[in-house]
Amino acid sequence: MHWTTEHLFVYTIQNICLKGRGVELLDKLTILADAAKYDVACTSCGVTRTAVKGQLGNTMNAGICHSFSADGRCITLLKVLYSNVCSYNCAYCINRRSNEVPRTTFSPRELAELVIGFYRRNYIEGLFLSSAVLKNPDYTTERMCEALQLLRQTYGFRGYIHAKAVPGTSQDLLVRLGVLADRVSLNIELPSEESLRLLAPEKSKENTLGPMAFVRDGIKANYQDKQLSTVKRTRFVPAGQSTQMIVGATPESDFQILKLSASLYRTMELRRVFFSAYIPVNTDPLLPAGVETPLLREHRLYQADWLMRFYEFNVDEIISEEDPFLDPLVDPKCNWALKHIDQFPAEINKVPYEMLLRIPGIGVRGAKRIVMARRHRSIRFEDLKRLNIALKRAKYFITCNGSYAQGVIFDPTSIYAQLAGETKQKRAKGVLDGQLQLLDS
Amino acid sequence: MDSFSSLIASEQRLFPLLDQRKQLGSQNVGEASFSSLIDDAELIYLYDGSLEGMLSAVFAAFQRHENPEDIVTSHALQESLLSSYVPVQTEEPLAARVRNGILEKLGDSAYEDVKKVFLSDAPHKGGVIFRYLHYAFTAGRWSFTHLAEPAVADFLEIRRQVESEAHHMLMFVRFAQLSNGMFYAHIEPKASVVPLITDHFAQRLNVQPFIIYDSVHNLASVFDTERWWLVSADEINAAEHSRAEDDFQSLWQTFYDTIAIEERRNPTCQRNFMPKRFWGNMCEHIPPELRKQKPTTKTPTHAARLQAAGQKLLEEPA
């Protein structure tokens with residue numbers, strides 16, 4: 001069989017055509033993507049919107065990554081600024097007023113055509129739209145809303161949209177933005193009020209947390225409304241709120257950072273708190289000179305964050321004021337286990353699900369698989385491999401039918417030495433792979 | 001509550017069957033069962049490569065009370081002296097009986113799983129499916145939860161591989177618009193996943209006609225904005241790209257390069273998430289010298305660096 005596409009269909013081109021504006025747009029995209037690349041969040045999960053005939057796009061609860069950039073980060077959304085013409089002068093930011101960098105602004109139409117064109121080719125799940133502060137917060141948010149409205153209503157786009165709200169935006173505009181977007185986020189930026197006053201004088205705690213609380217209440221009211229009504233309601237920020245903060249530009253400890261993020265999860269009901277290890281892009285007397293924050297610190301903070309969100313850990317179990325930094329050599333779960341060695345070894349065939357979750361090296365999926373498999377018959381060490389459970393860390397902390405894994409000496413000091421040694425080895429190998437930043441810690 | 005009742009249900013089903021098996025075992029003690037064991041170990045069934053053929057072979061094994069080591073397609077055969085090969089005729093009514101048996105005894109999702117495993121490229125998938133069904137018809141509807149059983153674990157492992165390959169395709173399929181308006185994607189997956197992924201794209205991209213062509217398994221899915229169907233095709237000659245296509249590819253390549261943070265370069269991490277075998281069909285991996293258009297401007301990061309360097313140069317002499 002010899003098919004050509006000509007045999008199958010001949011369609012007239014009614015598609016978007018850039019009409020020679022390609023090169024100009026190429027430059028705009030370069031500037032506005034570069035200006036957005038330090039934003040961390042690039043997730044497309046947390047909301048399901050089914051497809052509708054005649055309209056482009058849907059969203060999946062689990063989210064889909066579409067590519068991975070040279071730094072290993074996932075690309076799932078077209079992450080750009082609407083504009084990088086900024087009236088603020090935050091010390092750490094590439095787009096601050098006093099930087100002499102090329103400046104530009106999308107037109108709503110250009111942005112919409114980019115999103116649609118990329119989406120149709122399966123490059124992206126949707127749009128992540130942030131912006132520098134054009135004139136003032138309300139003016140900026142209004143421009144962003146115009147662009148999103150064109151995309152949603154004129155182009156009928158049903159894919160994912162994550163919109164950054166500028167601190168200090170008025171409530172009317174937040175409502176408008178929240179109806180157009182799936183996720184809205186306000187950046188905390190820095191882990192303490194003093195740091196924010198110092199490095200981002202135009203922003204303040206109040207004008208970040210105020211809108212955040214407003215969006216939280218809006219989500220709640222919208223959800224209750226939906227529960228009570230039988231007609232279909234417009235959804236308000238269906239994928240929830242998130243925030244991000246820069247780690248390492250200011251002297252806050254891991255303890256302060258994790259306490260803050262725990263309280264944000266509790267009081268603001270955020271879906272995610274993102275951390276961003278500080279990368280110097282500006283030279284400023286207020287900033288630590290030329291020192292990059294090691295990626296390993298960010299990694300450990302995320303591990304702690306995961307323990308709070310999925311493993312039912314309390315922040316006080318992970319970190320304490322006396323010892324305010326996470327151990328770079330051993331992950332926070334191992335650390336907890338070694339400090340509470342009296343609760344181990346855990347018998348795989350007996351301990352409840354909650355305890356399985358606390359065994360280092362066993363994840364949520366692994367714990368669920370163990371619970372499922374042990375209903376049928378008791379589990380031996382060789383069965384764990386069949387359950388796809390890595391024994392590298394787990395083997396020190398478990399027994400199967402009362403016996404330890406082969407060669408394991410159940411002693412906290414020797415376990416710590418083993419695990420720390422493995423981290424050191426990995427980091428030494430990381431240097432060969434070009435991950436220099438891991439060594440700096 | 002749900003899990004607890006399922007546990008009881010599976011045990012009730014399990015025990016009478018176990019008792020039956022014990023009785024059978026005691027009757028068969030002696031040389032007859034021993035010799036049949038030796039014969040079974042070498043036995044390999046051959047089928048024509050279709051799902052019906054595979055299910056017919058499963059039927060044959062149950063009917064003849066045989067325990068074939070593997071069930072393989074006759075054209076991909078590498079004969080071994082130690083095995084005896086038995087070709088099995090594909091018979092649709094027999095295949096339908098096995099299918100109905102799976103649907104009735106093990107449920108709809110079990111049949112979906114069998115179909116998924118069948119899409120795998122794993123050479124031993126036939127044996128794995130047979131051993132799973134052999135186990136599951138005895139152990140019952142909940143046997144997919146018996147994760148520590150080798151027969152179940154092997155089966156679910158292949159299912160996992162197929163599902164993960166399908167998910168890779170949802171991530172990495174790249175459509176290109178052709179001059180006739182059709183969107184075309186070429187893929188080279190490790191399992192024949194086109195039937196698993198087309199629904200996703202037919203819903204999401206329902207405003208555009210598209211073709212996804214898998215050149216490893218010679219299978220294409222064609223979507224005309226109303227419905228989609230599968231076409232087996234040895235070759236597809238795609239028309240040339242539309243005018244907008246090259247622009248969009250350049251834009252995407254530019255975005256892809258720009259969004260990476262140079263200080264955090266980490267090719268190992270990148271390849272862990274996105275193995276190199278996918279790169280050939282992804283336009284962002286076309287090397288810079290072969291690209292059609294490139295941006296002319298400097299990026300803000302670049303400009304800020306120059307500025308910072310300039311300041312330093314001015315400060316140093318003073």
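Computed from the coordinates by the stated procedures, all read-outs in this text should not be read as laboratory data. Here the structure is a predicted model, which is why all the values come from computation and not from measurement.
Note that the range A:26-35 has calculated 3J(HN,Hα) couplings of 4, 5, 4, 4, 4, 5, 7, 7, 4, 6 Hz, one per residue in order, obtained from phi through the Karplus relation 6.51 cos²θ - 1.76 cosθ + 1.60 (θ = phi - 60°); glycine and proline are x.
Helix A:412-432: angle to the longest alpha-carbon principal axis of chain A, degrees 0 to 90, nearest 10? Compared with the principal axis, the helix lies near 40 degrees.
For the residue pairs A:K392/B:K115; B:K116/B:K276; A:K135/A:K220, the C-alpha atoms sit more than 27 angstrom apart in A:K392/B:K115; A:K135/A:K220. Size check on the range A:332-440: the Cα extents along the three principal axes, sorted descending, read 47, 26, 25 Å.
Our summary gives the range A:24-244 a relative contact order of 19 percent, counting only alpha carbon pairs under 8 angstrom and 6 or more residues apart.
Here the Kirkwood formula, the inverse mean of 1/r across different C-alpha pairs, assigns the range A:24-244 a hydrodynamic radius of 17.8 Å. Rg/Rh for the protein assembly as shown (Cα atoms only, Rh after Kirkwood) is 1.00. The 3J(HN,Hα) values that the Karplus relation (6.51, -1.76, 1.60; θ = phi - 60°) gives for the range B:124-136 are, in residue order, 9, 4, x, x, 5, 4, 4, 5, 5, 5, 4, 5, 5 Hz. Gly and Pro appear as x.
Dividing the alpha-carbon radius of gyration of the range A:85-160 by the rule-of-thumb value 2.2 N^0.38 Å gives 1.24. Panel note: the C-alpha atoms of the range B:243-315, placed on their principal axes, show extents of 49, 34, 17 Å (largest first). Within the listed set A:S229, A:S83, A:S320, the residue fluctuating most in the Gaussian network model of chain A (springs between alpha-carbon atoms under 10 angstrom) is A:S229.
Here the range A:158-246 is treated as a Stokes sphere of Kirkwood radius computed over C-alpha pairs; at 37 °C and 0.692 mPa s its diffusion coefficient rounds to 237 µm²/s. The C-alpha atoms of chain A define a longest principal axis, and helix A:254-267 lies at about 60 degrees to it. Of interest is the spacing of the C-alpha centroids, which for the range A:37-116 and the range B:40-112 amounts to 51 Å. Amide H contacts of B:S50 (H built 1.01 Å from N, in plane; Pro and chain starts excluded): no residue 5 or more places away or on another chain comes under 5 Å. Among A:Y119, A:Y404, A:Y278, the largest mean-square fluctuation in a Gaussian network model of chain A, built with springs joining Cα atoms closer than 10 Å, belongs to A:Y404.
Between helix A:295-310 and chain A there is an angle of about 80 degrees, using the helix long axis and the longest principal axis of the Cα atoms. Residue by residue, the range B:152-169 carries 3J(HN,Hα) couplings of 6, 4, 4, 4, 5, 5, 5, 4, 4, 4, 5, 5, 6, 5, 4, 5, 4, 5 Hz when phi is fed to the Karplus relation 6.51 cos²θ - 1.76 cosθ + 1.60 (θ = phi - 60°); x denotes Gly or Pro. Near the amide H of B:D70, within less than 5 Å, lie the amide hydrogens of B:Y45, all on another chain or at least 5 residues away, with H placed in the peptide plane.
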